[in-house]
1. Inspect all residues belonging to the range 248-260 and state whether any of them is more than 15 Å from ALA298 (Cβ to Cβ), in a loop (DSSP other than H, G, I, E, B), touching a Gly at 6+ places or on another chain (Cβ under 9 Å) and open to solvent by 20 Å² or more (accessible area, probe 1.4 Å).
2. Residues that are among the aliphatic types (A, V, I, L, M) and on the phi < 0 side of the Ramachandran plot: list the helices (runs of 4 or more DSSP H) wholly contained in the range 122-241 that include at least 3 such residues.
3. So, of the residues in the range 126-168 that are in contact with a Lys or Arg (Cβ under 6 Å, 6 or more places away or on another chain) and in contact (Cβ under 8 Å) with a residue 40 or more places away in the chain, which turns out to be least open to solvent (accessible area, probe 1.4 Å)?
4. Is there any pair with a first residue in the range 9-38 that is under 17 Å from LEU53 (Cα atoms) and a second that is modelled with pLDDT of 70 or more whose Cβ atoms are under 7 Å apart and which are 6 or more apart or on different chains, and what are they?
5. For the range 99-117, name all the residues that are surrounded by 16 or more Cβ atoms within 10 Å (Cβ to Cβ), over 18 Å from ARG143 (Cβ atoms) and not β-branched (Val, Ile, Thr).
6. Return yes or no: is ASP144 touching an Asp or Glu at 6+ places or on another chain (Cβ under 8 Å) and more than 22 Å from ASP3 (Cα to Cα)?
7. How many residues does the range 20-58 hold that are under 24 Å from ASN93 (Cα atoms), open to solvent by 70 Å² or more (accessible area, probe 1.4 Å) and at pLDDT 75 or above?
8. Suppose we filter the range 184-212 for residues that are open to solvent by 20 Å² or more (accessible area, probe 1.4 Å) and modelled with pLDDT of 90 or more; how many remain?
Amino acid sequence: FSDPVIDNTLNPDFVRKYILDYFFEEKQNLRFDFRLEKPLGGIPGKNCGTIILSAEELGNCRDSATMQFCANKLDKKDFFGKSDPFMVFYRSNEDGTFTICHKTEVVKNTLNPVWQPFTIPVRALCNGDYDRTIKVEVYDWDRDGSHDFIGEFTTSYRELARGQSQFNVYEVVNPKKKMKKKKYVNSGTVTLLSFSVESESTFLDYIKGGNFWFAVQFSGNPSQSTSLHYMNPYQMNAYALALKAVGEIIQDYDSDKMFPALGFGAKLPPDGRVSHEFPLNGNIENPYCNGIEGILEAYHQSLKTVQLYGPTNFAPVVNHVARYAAAVQDGSQYFVLLIITDGVISDMSQTKEAIVNVSMTTKRGQVSQQNRLERVQIVKMVTYSMVQTYDFHLCVQRTFTFFESKFGCLDLKQTFSSNRNELKIMNVTLQCRSD
């Protein structure tokens, strides 16, 4: 990890937070290196300052808050202009100290700035404690880093959640000026313009939605020992191992353990028609299989009845699942598609188009106005490359790592931790102080 450079200060207060997995039964060593932007010769062994490390266990809150502020009649701080104001948000800690959690952008040369909306996780803002104090400081930006303090105010998440109202107009107060000047009122006001909350879904939420789809590529000759579909009477083939490795984990997170499974790239009886979206169990009306055993049974039965052919076309199965997703208009279900394949995608352009058409989401995950589908009607796709590796346990780990990066899911990590009975997440922030 690395933090951006903070100019012209011996007491940097770093904004960036680092979320680390914390295992209470292990000693986890952390190393911190500090470098100057222009390295200078130092004296080995000399005390160059003190690092203040703050760590706090993150709450379970998965909400993110989006808010926008403006200010009115802030103090003029620049000699040849007005002010270049920005705001700094601090979360209060359990020991009474404050930790910086957000900085707004600088709005140049104005005493009445309107800052851009920003989104911040609620756990970063107040760690899920809605009544915890949030301190906001307002500064005038200076190029040399010696920003001028305008004033401050305090609030809480519960207050902010009221939205734009008379309760969310705050007086910006400079305590030093207030003590010196009897007639001092404030250094301006800050007003909350908008506030909204969105809950972040994890991969576990997607699985619990009950719509986890499997799709298996059918190509090669299952009678040849070199084929990944080779029907060996003594052991499972590569595809069966991959299905089992994923299915045994996924099924424990699904209440009914019923999973639809498709095949693609095979000639179907009786006419030898090539299909890229056929049910493994042969039932077009009900492609659901009962748990991983049902999926494996349907897969082995398909190997005996269809002719493996190709090519590796993904778009048909993506569109197939998308049609099921489009039928759910109330936003109550999630759809996840796992494609198991051993080849290069033959219809790459069509696949890209299919995924774009299915997702149809903006940067924040909200549906664009051109699409009437609900935000949750999204098909996520992961491919296994089984040509490179036969370590399917590792393959599953890598896949869940991918899902974690997309959905923030941490629950599945415990599946691969043999001696870790408890998983905690620590929010680590850094402050520095020079001696």
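The values are calculated or read from the model by the stated rules, or taken from the named source; none is laboratory data. It should be emphasised that the depicted structure is a prediction, and the values quoted were computed from it without experimental measurement. Counting neighbours? That spans all protein chains shown, and the Cβs are built from the backbone with ideal geometry, glycine included. SASA here: full protein model, heavy atoms, side chains in, ligands and nucleic acids out. Shrake-Rupley method; radii C 1.70, N 1.55, O 1.52, S 1.80 Å.
1. Yes; the residues of the range 248-260 include at least one that is more than 15 Å from ALA298 (Cβ to Cβ), in a loop (DSSP other than H, G, I, E, B), touching a Gly at 6+ places or on another chain (Cβ under 9 Å) and open to solvent by 20 Å² or more (accessible area, probe 1.4 Å).
2. Qualifying helices (runs of 4 or more DSSP H): 122-126.
3. Looking at the filtered set, the residue picked out is ASP140.
4. PRO12/ILE6; ASP13/ILE100; PHE14/ASP3; VAL15/ILE100; VAL15/LYS103; ARG16/ASP3; LYS17/ALA124; PHE32/ILE51
5. CYS101, HIS102, LEU111, TRP115
6. When the stated conditions are applied, ASP144 does not pass them.
7. So the answer is 7.
8. 10
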